[in-house]
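Read the structure below first, then the notes.
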Amino acid sequence: MHDVEILTEAIAKVESQLTHKERRIAAYLQARPDAVLVQSNTDIARTLNISPMTLTRFYRKLGFANSADIRTQAMQSSFGPESYRIDQRFQSLNRGSDDEDLELCNAAVRSVFDLRTTALWEEVVQLFTKSDAISVTGFQTMHFLADGFYRRLSYMRNRVRMIDGIDGVYADLLPAKDENVTLIIIDTFRYGAHGPLLTSLARERGINVVVIADEFCDWATGLTPHILRFPAETRFVLGMPIAITTALTLLLQDVGAALGESASLRMKELSKAQEHFGLFLE
């Protein structure tokens, strides 16, 4: 069963029994079946101007125990052993249409600019700016983005480091007394097993944690308030996440603006060092 067809098929079976409000819910979910994966009960209810209880009763009418039940089954359909969205993308390397690919890319970038206007984004920028030290890590294929972000951020401010857990205990994440430290974790499906463990450990040590992930990442919920989620571009074979890459670029831009003159001076000094060592042809 592809994607979250489990939901649309359940709606079809009880369509004749739906109330006016339930038909409104059904129409919304049929148009946006991924909503059960990427939106909370409260968000969907607010969008449809109904109560969360009305939404829960609707799910029960479809045969699900509650919103958690439908979310779990939808995720199994999307990401489980029979997954279409994840597994089937490897079955064919045929090029998609330019229009479809362009729309997906545009939507990914728009999502970043939308999030950039929020209080959450500003809080993250302040953490990256004002923390005494920054640690960065990325799991599996996201290691390259974490490494690139760490190197670029270190051009703007001092005490930025990459941690990899190769020692098995993330010893570099031990903060000094009264030190304000922020940990950045970049993660996408399939999520690293160390993610929730490392986040919990960091929070126990008084460390701020910012998780940058795709929209289906739910392991960080409740562990940290600073979660930046972006569209999962599962259409592309081994995609290089456009939204997350764009977000990291804009975060660097905003951190640089927040640091102001100190970032400019640091970058000038680093440029002098590059010239001294003759790192570039021109």
Quick one: is S154 assigned by TED's automatic domain parsing to the domain that holds L250 and surrounded by 15 or more Cβ atoms within 10 Å (Cβ to Cβ)? yes
Considering only the stretch 237-244, I want to know if a residue exists there that is over 20 Å from T117 (Cβ atoms), at pLDDT 90 or above and in a helix (DSSP H, G or I). no
Of those in the stretch 160-203 that are among the hydroxyl-bearing types (S, T, Y) and touching a Phe, Trp or Tyr at 6+ places or on another chain (Cβ under 7 Å), the residue surrounded by the most Cβ atoms within 10 Å (Cβ to Cβ) is T182
Could you say which residue among D147, D114 is out of contact with any Lys or Arg (no Cβ under 9 Å at 6 or more places or on another chain), charged (D, E, K, R), without any contact (Cβ under 8 Å) to a residue 40 or more places away in the chain and surrounded by 15 or more Cβ atoms within 10 Å (Cβ to Cβ)? D147
Residue check for R89: assigned to a helix (DSSP H, G or I) and modelled with pLDDT under 80: yes
Conditions (1) in a helix (DSSP H, G or I); (2) in contact with a helix residue (DSSP H, G or I) (Cβ under 8 Å, 6 or more places away or on another chain); (3) at pLDDT below 85; (4) within 22 Å of A243 (Cα to Cα) -> S77 fails only (4)
What are the residues in the stretch 35-56 that are touching a residue at least 24 places away in the same chain (Cβ under 8 Å) and not hydroxyl-bearing (S, T, Y), if any? V36, L37, V38, N41, L48, I50, L55
Which of the strands (runs of 3 or more DSSP E) contained wholly in the stretch 164-232 include at least 2 residues that are at pLDDT below 95? 208-214, 226-230
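The values are calculated or read from the model by the stated rules, or taken from the named source; none is laboratory data. Keep in mind it's a predicted model, so treat the numbers as computed, not measured. Heads up, the Cβs are rebuilt from the backbone with ideal geometry, glycines too, and the neighbour counts pull from every protein chain shown.
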